[in-house]
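Below is one structure, written out as structure tokens; comments come after it.
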Amino acid sequence: MTALTLRGALNAALRRALEDDPKVVLLGEDIGTLGGVFRVTDGLQRDFGADRVMDTPLAEAGIVGTAVGLAYRGYRPVVEIQFDGFVFPAFDQLVTQVARLHHRTGGAIRMPITVRIPYGGGIGAVEHHSESPEAYFAHTPGLRVVTCADPQDAHTLLRQAIACDDPVIFFEPKRRYWVKGEVDDVIDASTAPMDAARVVVPGTDVTLVAYGPLVMTARDVALAAADDGISVEVVDLRSLSPIDLATVEASVRRTGRLVITHEAQQHGGLGAEIAASITERCFYHLEAPPVRVTGFDVPYPAAKLEEHFLPDLDRILDAVDRVLGREHSLSGWRG
Amino acid sequence: MLRSELRPDVTPHTSPASAEHVAAPGDAVPRPTSPAPGPAPGPGAGPAPVQLLAPDGTRRTDPEHDPWVADLDDDRLVALYEDMVVVRRLDFEATALQRQGQLGLWPPLLGQEAAQVGSARALRPDDFVFSSYRENAVAWCRGVSTTDLVRVWKGTAATGWDPRAVGMATPTIIIGAQTLHATGYAIGCAKDGVDSVAVAYFGDGATSEGDVHEAMVFAASYRAPVVFFCQNNQWAISEPVGLQARRPVADRAPGYGIPSVRVDGNDVLAVTAVTRVALDRARTGGGPTFVEAVTYRRGPHTTSDDPTRYVDPAVHEQWVALDPIARVERYLASRGRLTDELTGAVTARADAAAAEMRAGCHGLEPPPPLSVFDHVYTTPTSWLERQRSQYAAYLAMFDEDSADGAAPGGARGTDARGGDR
């Protein structure tokens, strides 16, 4: 066990993957001597060479399209997209090629490509540096979409993603890069399947579903609610496609109430998917309609406004109040 | 500024024979603009395409390229001739199958036989092809069966063949996407320390797509052993090449540090020569090459469009006179090789291949309904398993109804399985 930041845990996972499999290659902008803009690839080019850790031209479609060819050749590319908002030039290659080639070729070709994307807000960045584009990818069959919440899970999940024979969009919660935690790098990937959600805080009154950067916020919500005598169960999805609905369903059957929170805009987001699926599966167990706490349906705002955009402890607590029908709900919502 | 002045210059880059017919766009295409800065595109623009066989069938001397085809004696030229005749026959057959309702769509390659056969036959089995959807002659040369050629177009599969079995990726419909895949594959070849080469086939229209430019940037940066083989067939559906490029498309590559060559795409010998030069450069560490095969798509873009709406008949006739097969016949005739026996044998071979394609096409059955869930992931997800089992149960309901006689014929079940239109 070593105490590592989430960023350091990702770095260690990449190092381990490069050591374990000569077919693993890293591609991205500034990932070599600089070590990536968030230093996630720090020292890897120095230790594994420019042939394994490739600084690329500044062209996202080029990076992903080249990774497709490398995968055709038997390589296992790990791509770094510098920031969430920069993935869109590569969107075509991801949804029309990467996601479909296994299906298109009737299973003859595999695309074991991992696309790492630092995502989400909360670091006071400028435009295109704080997006949460997960729903676009989760909507695309053929892609697996995952995100991590703490150093241990970041390490385990990234190694699982790289080992996966399907393409994986790997979202890294950039505002949690510096969160520290103990990391056991001998954890067997098979002990925690990549698409399994996990209950990070057990509870009995309300199920709170979160992922990525908001898992830490959700833990705080559970603590704060406990002060009010409310028992919140926090479920960390980890996998956003597929979503482990069975774990969410089991939780909601116990609690009868569901709050879902994500930073991404609400409309057409994963919260809607979870609310619909759980309503379908748990209709007679629900004591209240599922409620979403999300970013607003506006472009990600300027840094000085992002605290209003991002779901925080109070907004989520308010939603917990609402599904419990508590009268002192801040929003005045009465269903 | 007048609206008309904002329109792109659409003058074709290369006249098939003379300049007279070049700047004669029909009413359906925008008029050329006033002179643009720099050299205007046109018949005189760019270096003359490499040509070894003149349209009249005479052999031209080219000290630079002759050594690259010195081994192509009459027998081997006959083999290329046979390939071209066969692929043209297959192309006609597939077009007919589409007209008869057997195929949903077909992208004819009529006129591009020399560009495709000449380049594809220059490849080694361990080279790898990344193509668009029109390279059916290339696929034939890679060993793809006639049935596999029509599988996608009949709609019974998303790909016709196993890419690894024939060294050719499943074609991309998205224009130009495959050029990046070829570049990545080539980088992989270099990493593996082998001298295999990746070849990207694309059209003149694709040279407007960002992917192609990014592919050239990446290929140049990593000195990737890739050949960019552009078939400039003059048209991107109805848009002439002049709307895509103000200079010959081969001129684009040198700006990326990639040597380029224009070749007469209707000259199978010249295409073979320049492709061999490019492959050799790639194999020996010289990096990428851009080949512009100047040719002409004589049919529609696909069986869905109507070229009479946008093609100048006079220009079309000039290209017909430059037929890639006829010029080889003229050359073989001048060598005394074009005997009735030869043409009879080649025709028989082409007819047999076409009959095989037709029979194979008729034999293609829609896959079972539940296979729609196959191969989305290497291991199925819980979501897909749920949807599969739910749909299986739904379909089974009709089978039961049918067995009970409640839904005579199981009409919807049959419908779900598709069937010939």
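Structural remarks
- Check on B:Ala190, in a helix (DSSP H, G or I), at negative phi and over 17 Å from the mean Cα position of the chain (by Cα): yes
- Within the stretch A:43-64, residues that are free of Cβ contacts under 8 Å to residues at least 40 places away in the same chain and within 19 Å of A:Val168 (Cβ to Cβ) sit with their Cβ atoms under 6 Å from residues that are part of a loop (DSSP other than H, G, I, E, B) and hydroxyl-bearing (Ser, Thr, Tyr), at 6+ positions apart or across chains, in these pairs: A:Ile63/A:Thr56.
- Residue in the stretch A:44-54 that is basic (Lys, Arg), assigned to a helix (DSSP H, G or I) and either under 22 Å from the mean Cα position of the chain (by Cα) or more than 7 Å from chain B (Cβ to nearest Cβ) (or both) present: yes
- Checking each residue in the stretch A:156-180 for being touching a Leu at 6+ places or on another chain (Cβ under 7 Å) and part of a helix (DSSP H, G or I) picks out A:Leu158, A:Arg176.
- Residues within the stretch B:237-264 that are without any contact (Cβ under 8 Å) to a residue 40 or more places away in the chain and aliphatic (A, V, I, L, M), tallied: 1
- Once the stretch B:366-383 is narrowed to residues that are β-branched (Val, Ile, Thr) and closer than 18 Å to A:Leu240 by Cβ, the residue that is farthest from the other protein chains (Cβ to nearest Cβ) is B:Thr379.
Results for (1) surrounded by fewer than 20 Cβ atoms within 10 Å (Cβ to Cβ); (2) within 14 Å of chain B (Cβ to nearest Cβ); (3) more than 19 Å from the chain's Cα centre (by Cα), shown as yes or no for each residue.
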site	(1), (2), (3)
A:Val183	no, no, no
A:Gly203	no, no, yes
A:Glu249	yes, yes, yes
A:Val252	no, no, yes
A:Glu273	yes, yes, no
A:Ala276	yes, yes, yes
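- Look at the stretch B:71-100: where a residue is in contact (Cβ under 8 Å) with a residue 60 or more places away in the chain and a partner is of a type in the set (Phe, Trp, Tyr) and part of a helix (DSSP H, G or I), sitting 6+ places away or on another chain with Cβ atoms under 8 Å, you get B:Leu77/B:Tyr331; B:Val86/B:Trp140; B:Leu90/B:Trp140; B:Ala94/B:Trp153; B:Gln98/B:Trp153.
- Out of B:Thr172, B:Thr159, one residue alone is facing chain A (nearest Cβ under 9 Å), out of contact with any strand residue (DSSP E or B) (no Cβ under 9 Å at 6 or more places or on another chain) and under 19 Å from B:Leu105 (Cα atoms). It is B:Thr159.
- Check on A:Arg175, out of contact with any strand residue (DSSP E or B) (no Cβ under 8 Å at 6 or more places or on another chain) and touching a residue at least 60 places away in the same chain (Cβ under 8 Å): no
- Among (1) touching a residue at least 40 places away in the same chain (Cβ under 8 Å); (2) within 13 Å of chain B (Cβ to nearest Cβ); (3) surrounded by 17 or more Cβ atoms within 10 Å (Cβ to Cβ), the one test that A:Arg7 misses: (2)
- Applying the set (1) surrounded by fewer than 24 Cβ atoms within 10 Å (Cβ to Cβ); (2) in contact (Cβ under 8 Å) with a residue 12 or more places away in the chain; (3) in contact with a helix residue (DSSP H, G or I) (Cβ under 8 Å, 6 or more places away or on another chain) to A:Arg238 leaves exactly one unmet item: (1).
- Identity of the residue in the stretch B:320-335, basic (Lys, Arg) and part of a helix (DSSP H, G or I), that ends up surrounded by the most Cβ atoms within 10 Å (Cβ to Cβ): B:Arg327
- For beta carbons closer than 7 Å, sequence separation of 6+ or different chains, a first residue in the stretch A:160-172 that is within 13 Å of chain B (Cβ to nearest Cβ) and free of Cβ contacts under 8 Å to residues at least 12 places away in the same chain and a second that is buried (at least 24 other Cβ atoms within 10 Å of the Cβ) and part of a strand (DSSP E or B), there are no qualifying pairs.
- Every test in (1) of a type outside the set (Val, Ile, Thr); (2) outside any helix (DSSP H, G or I); (3) out of contact with any Phe, Trp or Tyr (no Cβ under 9 Å at 6 or more places or on another chain) is passed by A:Ala135 save one, and that test is (2).
- Counting the residues of the stretch B:214-257 that are in contact with a strand residue (DSSP E or B) (Cβ under 8 Å, 6 or more places away or on another chain) and either over 15 Å from B:Ile187 (Cβ atoms) or outside any helix (DSSP H, G or I) (or both) gives 22.
- Qualifying residue in the stretch A:2-11 (condition: within 22 Å of the chain's Cα centre (by Cα) and part of a loop (DSSP other than H, G, I, E, B)): no
- Looking across the stretch A:73-121, the residues that are more than 8 Å from chain B (Cβ to nearest Cβ), closer than 25 Å to B:Ser132 by Cβ and part of a helix (DSSP H, G or I) come down to A:Phe88, A:Ala90, A:Phe91, A:Leu94, A:Val95, A:Val98.
- The residues of the stretch B:197-210 that are facing chain A (nearest Cβ under 9 Å) and either part of a strand (DSSP E or B) or touching a strand residue (DSSP E or B) at 6+ places or on another chain (Cβ under 9 Å) (or both) amount to a single one, B:Ala198.
- Residue within the stretch B:123-140 that is free of Cβ contacts under 8 Å to residues at least 40 places away in the same chain, under 15 Å from the mean Cα position of the chain (by Cα) and under 21 Å from B:Ala359 (Cα atoms) present: yes
- Residues being in contact (Cβ under 8 Å) with a residue 12 or more places away in the chain and farther than 15 Å from A:His128 by Cα - total across the stretch A:297-307: 1
Coordinate-derived values only; no laboratory data. Only a predicted model underlies this, so the values are computations on that prediction, with no experimental measurement involved. Because the Cβ atoms are built from the backbone with ideal geometry, glycine has one as well, and the counts that use them run over all protein chains shown.
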